[in-house]
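Have a look at the structure below, then the notes.
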Amino acid sequence: MAKKKETLPDADRTGLRSPVGEALNSARDAFTGVLLFSIFVNLLMLTGPIYMLQVYDRVLQSNSIPTLVAISVIMIVLYIFMGIFDFLRSRVLVRVSQKFENLMTDRTFAAWLRGSAKGGKSAQSMPLNDVSTMKQFLSGNGPATFMDIPWAPLFIIVIFMLHWTLGVLAVVGSVIMFTAALINNRRMRKPLVESLKMRRVEQAFAIQAQRNAETLEAMGMTPNIHRRWKEYNAQGGQDGRDASDRQGGATAFTKSFRMFLQSAMLGAGGALAVKGIITPGAMIAGSIILGRALAPIQQIIGQWRSFGSARDAYTRLNEFYLENPEFQEPTQLPAPEGVLTIEGVTAAPPGGTKAILAGLNFAVKPGQGLGIIGPSASGKSTLAKLMTGIWRPQRGSIRLDGATFDQWDRETIGKYIGYLPQAVDLFDGTIAENIARFDPQASDEAVVEAAKWAGVHDLILRLDDGYDTRVGLGATVLSGGQMQRIALARALYGDPVLIVMDEPNANLDAEGDAALTRAISIARKRLKTVIVMAHRPSAIAAVDLILSLKDGQQEAFGPKDEVLKALREKRAQERGEATPTATPTSAENSTPPKAPPNTPTKKGPGRPPLGVAAGGPRGFMLTNNPTPKKPSSKKTSSKTKSDIGDAAE
């Protein structure tokens, strides 16, 4: 059954009930242990002052060597225990940071990929860096220092026990040091935030430039891009220097002031000792205890930069999870058959308000191939992302076998979807791993079958290492056409029921075009639902339905020949030309593709009539319930090419 979705108030989703807060809260017992170790460490910090007090007041007064030996042995044992407790505290913090990273990296990586696919702020965010920043802070001295601060009042009380004059001096000095720390925090925060922000911009710009290094070199853009990068670097460096200067000033002040305060404590204690009010040992002990009380405050000022970075990383991670809530596992649905229904869809890019698509209504059944045509910026790529569930519509619904994509488990439904995006990239690994979608359970037979289906098997075998050829970072460089054909094999891997291809032949030659047409024909014979976004005529040679988009609206939908004829006539009328004559093949006389042997016939649930065009001033109905035509592997005729060209105008 599905997990119950719990909606939390924003305050809870940024506190301990947020994913980041839960990860920190899971180490609650470990933090308790660190606190206990801190108690022992700080108590044992009194070993030095007490030892000094005993040496001055007992050993020197009695001239007793056995007393000196005894208290020295005790002092050594106590310092050994202090070192052990401090070491254990450090080890626990390192393991807390490691646990935090283990809990956060997997869920953050998954949420980041989901958010990046949807676009918006997530595509520019770097949450994994924020996780790393928090880990570094947790494994450092910062948490221990913050746990040492509450002990400052205890040390001051001990100083009061020596004499109230020394206690007042300690209180005044502590207040001045603490005030300096607060002022330093306020002065550092703005330049520190701006510095970190510019560093992220600089890194993102450098990565973008590196990915497009060939374009920069070819067009002589490298000096200009380098100049822009230096501007980002200089701005971030200036803000960083401002923050460092302010931190350095505060650190220098607190260091010198602490040394002055300890010397003042010695002077005041000396005056009291001369009058016989306190012993010389108390004078020395008071100075040492004051130094220990003020040390955490001085350390915090030195570590404020790392603390500020961790605090900002915590805030950004909470904001990231507010924008990208973790996926709640829905009820498991049966395997889809591939009936795709678009009902009254209006959509805009994530974060956008202006609709790119409006009023779309159509449906595609298994065994049918739909070619989507239209001029640039008509919404074809947006529709491709909607039909694969990457983006969500503003209004209306997109259903696969009657269920919207948010009703499917993403990992489960992804196995039934083949997607070939417009911008193709292969990941670091072998060709076989890329085709298999990096599935560790993939069989060699399934990989080879997908490659043969895509018509890329022979091309792969001609490479030096065949299917074991490494691609991606610093590996074999493939041409755009080779990458696109391998990506087609990846889309066909696992026998998906819905195959969506966005400009699948943008980089293909004649051989690649023929392989693409054959792959679409095979997919239709296997009763797959095939969607092709196209500019070039060869991409829709094997489809039987056409959807024409214009200005984000559905201009026409129906059997390919009838739609192309209607569009050609409409374009001619708009230009004031005579209507050209053409006798397209009737979709009603075509026969559906035959399923291969041993392939069960799939019947989807009842759906709205196919072929009904929605909307808008340009929408019109061509036919109802178009029957899937038998796919053809013949090359597109010159007349069809002309029709597509007219439709794209």
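Using the Karplus curve 6.51 cos²θ - 1.76 cosθ + 1.60 with θ = phi - 60°, work out ³J(HN,Hα) for each residue of segment 412-419 in order, rounded to whole Hz, and write x for Gly and Pro.
Coupling constants for segment 412-419: 6, 5, x, 5, 9, 10, x, 10 Hz.
To the nearest 10 Å², what's Asp509's accessible area with a 1.4 Å probe?
Rounded to the nearest 10, the figure is 90 Å².
May I ask for the Kirkwood hydrodynamic radius of segment 164-323, worked out over all distinct Cα pairs and given in angstroms to one decimal?
Roughly 19.2 Å, rounded to one decimal.
So how exposed is Asp428, as accessible area in Å² (1.4 Å probe, rounded to 10)?
Accessible area of Asp428: about 80 Å².
Specify which residue in the list Ser195, Phe87, Leu166 is farthest towards the positive end of the charge dipole of segment 69-199, using unit charges on the beta carbon of Lys, Arg (+1) and Asp, Glu (-1), about the Cα centre.
Ser195
Using a 1.4 Å probe and ignoring any ligands, DNA or RNA, find the accessible area of Val168 and quote it in Å² to the nearest 10.
70 Å²
Where the accessible area of segment 43-196 is counted over protein heavy atoms with a 1.4 Å probe, how much of it, in %, is carbon and sulfur?
That fraction is 69 percent.
Got a sec? Charge dipole of segment 419-551, +1 on Cβ for Lys and Arg, -1 for Asp and Glu; which of Ser538, Ala454, Asn505 is way out at the positive end?
Positive-end residue among those listed: Ser538.
Which values of log₁₀ I(q)/I(0), to two decimal places, follow from the Debye formula for segment 500-562 at q = 0.12, 0.14 Å⁻¹ with a uniform point scatterer at every Cα?
-0.30, -0.41
Spelling out what I want: for every residue of segment 520-530, take phi, set θ = phi - 60°, compute 6.51 cos²θ - 1.76 cosθ + 1.60 (Karplus), and round to whole Hz; glycine and proline get x.
For segment 520-530, the Karplus-derived couplings read 5, 4, 5, 4, 5, 5, 8, 6, 9, 8, 10 Hz, x marking Gly and Pro.
Sort Ile277, Ile546 from largest to smallest accessible area, using a 1.4 Å probe on the heavy atoms of the protein chains.
Ile277, Ile546
Just to confirm the filter: which chymotrypsin sites (Phe, Trp or Tyr not before Pro) across segment 320-375 are DSSP coil and have at most 16 other Cβ within 10 angstrom of their Cβ?
Phe327
Multiplying the sequence separation of Arg536 and Arg399 by 0.36 nm and subtracting their Cα-Cα distance, what value in nm do you get? Could you put the intermediate results ahead of the total?
Details: separation 137, 0.36 × 137 = 49.32 nm, distance 2.81 nm.
Between Arg536 and Arg399, full extension yields an extra 46.5 nm.
Going toward the positive end of the dipole of segment 299-373, with +1 on Lys and Arg Cβ and -1 on Asp and Glu Cβ, which of Leu370, Phe307, Gly352 do you reach last?
Phe307
Need the full-extension length gain, Arg114 to Lys452, defined as separation in residues times 0.36 nm minus the C-alpha distance. One decimal, nm.
118.6 nm
At 0.36 nm per residue, minus the direct Cα-Cα distance, what do Asp428 and Gln573 gain on full extension? Give it in nm, one decimal, please.
47.0 nm
Just the Cα atoms of segment 352-471, one point each, no solvent: what log10 I(q)/I(0) does Debye give at q = 0.14, 0.19, 0.21 Å⁻¹?
Values returned for q = 0.14, 0.19, 0.21 Å⁻¹ are -0.80, -1.16, -1.27.
Which ³J(HN,Hα) values in Hz, rounded to whole numbers, follow from the phi angles of segment 365-372 under the Karplus curve 6.51 cos²θ - 1.76 cosθ + 1.60, where θ = phi - 60° and Gly and Pro get x?
Whole-Hz 3J(HN,Hα) from phi for segment 365-372: 9, x, x, 9, x, 10, x, 10.
Using amide H atoms built 1.01 Å from N in the peptide plane, name the residues 5+ places from Val532, or on other chains, whose amide H lies under 5 Å from its own.
Leu370, Gly371, Ile372, Met501
Quickly work out the Ala206-to-Leu128 label distance, labels modelled 7 Å from Cα along the C-beta direction, and quote it in nm with one decimal.
Between Leu128 and Ala206, the label points sit 1.7 nm apart.
Could you give the dipole magnitude of segment 314-396 about its Cα centre, charging the beta-carbon of Lys and Arg +1 and that of Asp and Glu -1, in debye to the nearest 20? Could the numbers behind the result be given before it?
Numbers: 7 positive and 6 negative charges, 77 e Å.
Roughly 360 debye for segment 314-396.
Amide H to amide H under 5 Å from Lys550: which residues, 5+ apart in sequence or cross-chain, H placed 1.01 Å off N in plane?
Glu555
Would you mind checking the pairs Lys415/Lys528; Lys135/Lys230; Lys365/Lys528; Lys525/Lys565 and listing those with alpha carbons more than 18 angstrom apart?
Long pairs (Cα-Cα over 18 Å): Lys135/Lys230; Lys525/Lys565.
Hey, how many Å between the Cα centroid of segment 386-427 and the Cα centroid of segment 144-188?
Centre-to-centre distance over Cα atoms comes out at 59 Å.
The values are calculated or read from the model by the stated rules, or taken from the named source; none is laboratory data. This one's a predicted model, so the numbers in the text were calculated from it and none came from an experiment. Positions of Cβ are backbone-derived with ideal geometry, glycine not excepted, and every protein chain shown enters the neighbour counts. Just the protein is used for accessible areas: all its heavy atoms, side chains included, with ligands, DNA and RNA removed. Shrake-Rupley method; radii C 1.70, N 1.55, O 1.52, S 1.80 Å.
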